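All remarks here apply to the structure that follows.
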Amino acid sequence: MPILQTQFLGNSASAYIWAFVIFIAVLIAIKVIKNIALRYLRKISKKTKNDFDDLIVEITKNINKITYIIIALYFSFPHIGMASYLRKGLHYALILAVVYEIVRGVQTIIDYAVKKIISKKEGKAGDGHAIKVFGVIVKAAVWIGAIILILQNFGFDVSSLIAGLGIGGIAVALAVQNILGDLFSAFSMYVDKPFEIGDFIIVDDKMGIVKKIGIKTTRITALQGEEIIIANHDLTSSRVQNFKKMRKRRIQFTFGVLYETPKEKLEKIPDMVKEIIDDAELAEYDRAHFKSFGDSSLDFEAVYYVLTGDYNKYMDTQQEINLALFDKFEKEGIGFAYPTQTVYVNRNTV
């Protein structure tokens, strides 16, 4: 047919029709393949207990329609004559579309992994924050890799670019070394777990309950109520005492009784102390002894363990034992000593 031989922009009408047919055929083929793949993946996902295959279904389902159009154009346009810059532009568009879809899929998988890890950590604030930060770092690394891949396919000298980025990276690292130090310290604390949210810790002369582990700082609430903010780098380079990890506390205390206390009552005191400590629910008796002769008292020393790391329960137990000891001594007529001084006057002195 003469009309099919009509020339337009250097191509016959038949060439454009043939290209259009291929374009439509490729779109239909992609649609069919996608539907078959989704049907197969959904069948698999119904048979498995994990939801990762559901994620793959979602990624496949959400591939951008523009990507399909670019693929169809890429396969149909070679059948018509076109300027080299247009052909090269279509090639670049295909690279961009495919790399973008891959990066988007990888990001979805990273987000899925982050949520899974956080859920396994039972939603602890410090852990969740650190994991999210790590997820952001990984996604940034994926984007950097994708950009380098795209530039390489566009014909740029990637090696010199990477070298330049390396020099620039060193300069940036020097400028923000404190921030990077705190960031890596936060990640180190997440991996090593020297303490967690809710732990009572002592760092140098600061002490309190951990309330938040952030990217740059960790916040603890002191016993007096104020908030103490400590840089993560300082925490990882300091000696940290974690009382939450303590399974029991060793308590050593001394008390003195009056010198006028009869010997038979002095001998009973260690047994009295043992009985009182044994009656306390969270206390474990170790020893009690008549230790020494003080300046104004007969001194006893007792040792016991509080079977919990909870500071409030430790103080409650100590109070319970002290009050019971006071009550017992009062009933037995044993007086606690206090600093006294006796002056003897010799009446025969002239």
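Limited to the stretch 241-279, what total is found for residues that are of a type in the set (A, V, I, L, M) and without any contact (Cβ under 8 Å) to a residue 60 or more places away in the chain?
Matching residues across the stretch 241-279 total 4.
Please find, within the stretch 327-350, the residue that is modelled with the lowest pLDDT out of those that are surrounded by 11 or more Cβ atoms within 10 Å (Cβ to Cβ) and within 11 Å of residue 297 (Cα to Cα).
337
If the Cβ limit is 6 Å and pairs must be 6+ apart or interchain, which residue in the stretch 129-156 that is in the same structural domain as residue 93 (by TED's automatic domain parsing) pairs with which residue that is part of a helix (DSSP H, G or I) and of a type in the set (S, T, N, Q)?
Hits for this filter: 139/107.
If I go through the stretch 220-251 residue by residue, how many of them are over 17 Å from residue 309 (Cβ atoms) and not polar (S, T, N, Q)?
12
Taking residue 136, is it at pLDDT 60 or above and in a helix (DSSP H, G or I)?
yes
Can you name every residue in the stretch 252-308 that is in contact with a Gly (Cβ under 8 Å, 6 or more places away or on another chain) and in a loop (DSSP other than H, G, I, E, B)?
Selection gives 258, 260, 261, 294, 296, 297.
Checking the structure you have, find out if any residue of the stretch 287-298 is of a type in the set (Ser, Thr, Tyr) and exposed (fewer than 13 other Cβ atoms within 10 Å of the Cβ).
Looking through the stretch 287-298, at least one residue is of a type in the set (Ser, Thr, Tyr) and exposed (fewer than 13 other Cβ atoms within 10 Å of the Cβ).
Scanning the stretch 196-215 for residues that are charged (D, E, K, R) and buried (at least 16 other Cβ atoms within 10 Å of the Cβ), which turns out nearest to residue 133 (Cα to Cα)?
So the residue we want is 196.
Quick one: in the stretch 228-248, which of the residues that are aliphatic (A, V, I, L, M) and part of a strand (DSSP E or B) is farthest from residue 312 (Cα to Cα)?
Filtering first and then ranking leaves 231.
Quickly run through the stretch 189-211 and pick out the residues that are in contact (Cβ under 8 Å) with a residue 60 or more places away in the chain and assigned to a loop (DSSP other than H, G, I, E, B).
The answer is 196, 197.
How do the pairs read when you match residues in the stretch 283-301 that are more than 18 Å from residue 262 (Cα to Cα) with residues anywhere that are surrounded by fewer than 14 Cβ atoms within 10 Å (Cβ to Cβ) and of a type in the set (S, T, N, Q), using Cβ under 8 Å and keeping only pairs 6 or more apart or on different chains?
Going by the 8 Å Cβ cut-off, the qualifying pairs are 301/252; 301/254.
Which condition number does residue 150 fail, the rest of (1) surrounded by fewer than 15 Cβ atoms within 10 Å (Cβ to Cβ); (2) at pLDDT 80 or above being met?
(1)
The values are calculated or read from the model by the stated rules, or taken from the named source; none is laboratory data. Only a predicted model underlies this, so the values are computations on that prediction, with no experimental measurement involved. So basically every Cβ, Gly included, is an ideal-geometry build from the backbone, and we count neighbours across all protein chains shown.
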